[in-house]
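Read-outs throughout are calculated quantities, based only on the coordinates presented, and are distinct from any laboratory measurement. Keep in mind that what you see is a predicted model, and the values were worked out from it rather than measured. Cβ placement follows ideal geometry from the backbone for every residue including glycine, while neighbour counts extend to all protein chains displayed.
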């Protein structure tokens, strides 16, 4: 038997094994009545859904200075949960600005109305059809969440997502939408040469068609939401929010440092400068640092 024949037989065997396993009862099914989130774990023979026990407790009210983006995604999700037409959504922009947190907050907001989330990593995009099949008959609405999504120019997996967004995968699954986050607007790297359409670049005869191919993936998301770095006062406002929230969690809201921006303004700005970004994530990290310091100082020196 030649090497190619052996590889062909192995491919057929794998396909048959996957079909057989799909018919077997899944003893580790997610209890969607109790679980709000799951992650798809690709495996050699057959992937599976794994329930996420601890989900981020982010609330919509925790996300500040993204009111326009928040309202648009909430409206789209409300349509989806109600069984009305809704769009797949791409949240793109600066890091740490609340893209992933917004999706987590939506699940908290709409859990009682049947909304659930399944995270699918980029390495598992080829399993999208299988994931949708497992969810199609569930009496819940599902967000397929692809976090921090981007592709290299030679990466073929983006074509799987492209087909899923407007192809046949979702034809029989009106209870599924895709929400993806990315730092790139078009999900693929863009080169200066992409605009040099008068030249033959890298052997590509019709350069404009190559450019169209790169932007066609993001075009298939019906809703685009852009996130930008925050100005200084917005960043300080978010730091205050998280400091007040943490202080309440630890019963220290009556302390002088809780919520008084003048107490930590300079320290918060230095914290952001050291990280090179003013973002909601940076503000939250600073709040954990600052509140932790104050609580530890108070525990070690009760008279202070």
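Looking at the range 52-67, which of the residues that are touching a strand residue (DSSP E or B) at 6+ places or on another chain (Cβ under 8 Å) and surrounded by fewer than 21 Cβ atoms within 10 Å (Cβ to Cβ) is farthest from residue 29 (Cα to Cα)?
Taking the range 52-67 first, the residues touching a strand residue (DSSP E or B) at 6+ places or on another chain (Cβ under 8 Å) are 52, 55, 66.
Filter once more, so that each one left must be surrounded by fewer than 21 Cβ atoms within 10 Å (Cβ to Cβ): 52, 55.
Numbers: 52: 12, 55: 18 Å.
For the range 52-67, the residue satisfying everything is 55.
State which residue is farthest from residue 224 (Cα to Cα) when the search covers only the range 74-101 and only residues that are part of a helix (DSSP H, G or I) and touching a helix residue (DSSP H, G or I) at 6+ places or on another chain (Cβ under 6 Å). Break it down into steps so the answer makes sense when it comes.
Within the range 74-101, the subset part of a helix (DSSP H, G or I) is 74-81, 99-101.
Next, only the ones that are touching a helix residue (DSSP H, G or I) at 6+ places or on another chain (Cβ under 6 Å) stay: 77, 81.
On the way: 77: 14, 81: 19 Å.
The qualifying residue farthest from residue 224 (Cα to Cα) is 81.
Counting residues that are loosely packed, with under 12 Cβ neighbours inside 10 Å and more than 31 Å from the chain's Cα centre (by Cα), which helices (runs of 4 or more DSSP H) fully inside the range 227-304 reach at least 3?
Working: elements: 232-249, 261-275, 280-300.
The helices (runs of 4 or more DSSP H) meeting that bar are 280-300.
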